[in-house]
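Have a look at the structure below, then the notes.
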Amino acid sequence: MDYWLFLLICLVATFSPGPAMLLAIKNSASFGFWQSLRGIAGNIAAVMTLASLSAAGLGAIILASDLLFSLIKVIGGLYLIYLGVKAWKSRYTKPDPQTDAKSLGSGKKLFMEAYVVGMSNPKAIAFYTAVFPQFIDLNQASVY
């Protein structure tokens with residue numbers, strides 16, 4: 001296995017803009033750096049969940065089912081539209097870190113919002129399903 005190639009592919013995918021990155025930028029601008037880290041943690045948790053599901057073979061099942069894949073795309077798109085309308089309708093006020101931290105419930109809302117955005121991203125499911133098989137050697141003995 002070529003771990004450097006795998007690392008390079010993951011870094012390129014990580015730095016490409018997408019809904020999770022835009023959400024992190026919005027959260028950082030609205031709530032500050034420290035609060036935005038909670039949303040970033042939610043996105044990392046979603047990425048790890050998708051990677052684990054894809055490695056277990058669920059990603060291939062989702063990609064094989066046009067209906068299920070389309071359903072995930074539609075739900076993800078509707079959720080992003082909902083977040084956009086919510087952000088658009090909200091009046092911009094200068095962020096107050098203490099008030100905002102209390103209203104967010106210690107970042108749980110930011111974490112869950114980012115987790116849902118990450119989990120509903122069909123590009124991530126397709127990415128992990130396409131990348132993992134390239135780096136898994138089925139002939140190699142398992143460690144377990």
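The values are calculated or read from the model by the stated rules, or taken from the named source; none is laboratory data. Since this is a predicted model, take the numbers as computed values, not measurements. Backbone-built Cβ (ideal geometry, glycine too); neighbour counts: all protein chains shown.
Looking at (1) under 13 Å from the mean Cα position of the chain (by Cα); (2) exposed (fewer than 15 other Cβ atoms within 10 Å of the Cβ); (3) within 10 Å of residue 129 (Cα to Cα), which is the one condition that is false for residue 57?
Of everything listed in (1) under 13 Å from the mean Cα position of the chain (by Cα); (2) exposed (fewer than 15 other Cβ atoms within 10 Å of the Cβ); (3) within 10 Å of residue 129 (Cα to Cα), residue 57 misses just condition (1).
Look at residue 36 and say whether it is touching a residue at least 12 places away in the same chain (Cβ under 8 Å) and more than 18 Å from residue 119 (Cβ to Cβ).
yes
Restricting the first residue to the stretch 17-31 and requiring it to be surrounded by 16 or more Cβ atoms within 10 Å (Cβ to Cβ), which pairs with a second residue that is in a helix (DSSP H, G or I) and hydroxyl-bearing (Ser, Thr, Tyr) meet a Cβ separation below 8 Å and a spacing of at least six or different chains?
24/36; 27/36; 28/36
Filter the stretch 102-120 down to the residues that are part of a loop (DSSP other than H, G, I, E, B) and at pLDDT 80 or above, then identify the one that is nearest to residue 19 (Cα to Cα).
It comes out as 120.
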